[in-house]
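J.: The structure's right below; bear with me while I get my questions together.
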Amino acid sequence: MVEKKRKAGSQESERPAKKSQTNKVKVTHLSSADIAKPVVAHSPGVDLPSDVSFDAYSKKSASGQQSTLLLQSSTHPTIDYLATESSTTSIGDKHVKQYIAIFDPSTNNLSVIPAKKMTVRSSVRQLPSASTDDSAAADASDADADADGEPSTKPPPPPTPSSRAALTEAFGTKKSKKAVAAIAENRLLARSADTNANDPLSSAILSSIQEDDNNADPSLSLSTSTSTPDSRANKPLPQPDLTATDINQFYPLSSLIFPGPPRTTLSQMPIAAWRDRISSGKEIQSRFRYIAHRVAGLVQLHINHPDDRSVLEKLQILRYIQLLLELHTYISRLPSRNRAIPPPEKWPANTTSDTSLSAAFQYKLVGALFPSYLPTNQAKTLLITTILALTLHVPPPKWAPGQELSVLITEPSDIHLDLALPGAEVTKYFRELGCRLESLSDAELTRYGWEKVGKARKKVDSEGKEITIPKAKFAKLRFPVEFPKISAGRPGRR
């Protein structure tokens, strides 16, 4: 018996009819090269004014397919802003693109335009000095006199010395000082030939140059200075604050971090990648031992105390030390000392570990440490001693926020390997900074967190004999600070 198929029951309620859409929105994707594309700009650590306006500059690549964009603004009275295209720092951001949608209610048209992601950096503009204002006023008065029909008899102002000449005068050798004086003399002679052969101002300056050169004592040491009583002023060392009562301010950040002011420079140090890796439980890889052995503890302190300004500052100082180490590595590998350091745009790839730092910032940093843009031994020594002085501002492993240290202390074994210098040479530099090289007691090692590197260890050599490695010595900076005494040389024969 075949059963009949049952019919489906009638639906109790019918489906409602679709409502016709009255307001249709037309979506248009604009991606042509001729269309002006918007920009999504962010400024880490900087609050941009609402009325700031930028000038746009673009440069095509060698292939002609891609173009880089740069935005610059000098509308602020004291700060210059520079926006560069942001580079991807993680795999997740590699395929992410920025878009901006613009809706026109009158035509119901929605335009979707791709936007470029840019990072805005700020730098404090160097204000003109009073002498510059006076010279400008003098030029204006001369112009007014010429407009009235009366010839101006006032001689032109003397040329201002460059930063290279100022550095040579303070730190240069006797030969370099003579070369700078010869350049100044030639410049004055050229000006006198063009304006007035009997210019009294040029004659007075030329006579003073000749008198100084004739009265120079050849027996004087090259490191002494007649303008500064302290002989340390001519050494390639960061200048300490001898009036400081706090050991943390003995080497202020203003003498160690360039370009100034220090807080603005430190705010540009990228630490977000470090924070993201520690938050996700990953290790931070670094080619420098000093950074790799200290970064995890400081980042974890910053995560636990995000509002503590002192922790953030010490983490930014560690990131700035890494930048200086990268700069030292690059400059040490340059082929010749007589060639100027190339501009940052021509540096090889991966010279610095972060590309968000603008070329203008890097150019100012190199100019502060190498005013002549030549990798001289004096400038290299200043870079090394600046790095060593900055390591004193990095706290020990067991430092806690709010803890005041009466002594600045650092363990120099990692930094001397990163600088590729002998340990004795790094020890000499620390002594020049006023540090004492001492070993720590077991209680101090436990308190500071250096038990693994500070205690004496036993080791078996290649012949099977057991030898004892003595305790490591630490660089300490504490009051009273004592600098090495200047040797007077061997006494002459009677």
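The values are calculated or read from the model by the stated rules, or taken from the named source; none is laboratory data. Computed from a prediction, not measured in an experiment: that's the story for all the values here. Because the Cβ atoms are built from the backbone with ideal geometry, glycine has one as well, and the counts that use them run over all protein chains shown. The protein model used for the area step is the full one, side chains on, heavy atoms only, and it has no ligands, DNA or RNA in it. Shrake-Rupley method; radii C 1.70, N 1.55, O 1.52, S 1.80 Å.
J.: By accessible area of protein heavy atoms, probe 1.4 Å, what ranking do 330, 373, 81, 57 get, highest first?
T.: So the residues, ranked largest to smallest area, are 57, 373, 330, 81.
J.: Same structure again: Evaluate the relative contact order of region 247-477 (contact order divided by residue number), counting alpha-carbon pairs under 8 angstrom at least 6 apart; express in whole percent.
T.: 19
J.: Past 31 Å, Cα to Cα: identify those pairs from 314/452; 177/380; 97/398; 380/476, in the order given.
T.: Beyond 31 Å: 97/398.
J.: Between region 370-405 and region 333-351, how far is it from one alpha carbon centroid to the other, in angstrom?
T.: 22
J.: Also, I was wondering about something else. Loop-only check: which GluC sites (Glu not before Pro) in region 275-357 are DSSP coil with at most 10 other Cβ within 10 angstrom?
T.: 283
J.: Related question: If I take every Cα pair under 8 Å that is 6 or more residues apart in region 365-482, average their sequence separation and divide by the length, what percent do I get for the relative contact order?
T.: Normalised by residue count, the contact order of region 365-482 is 27 percent.
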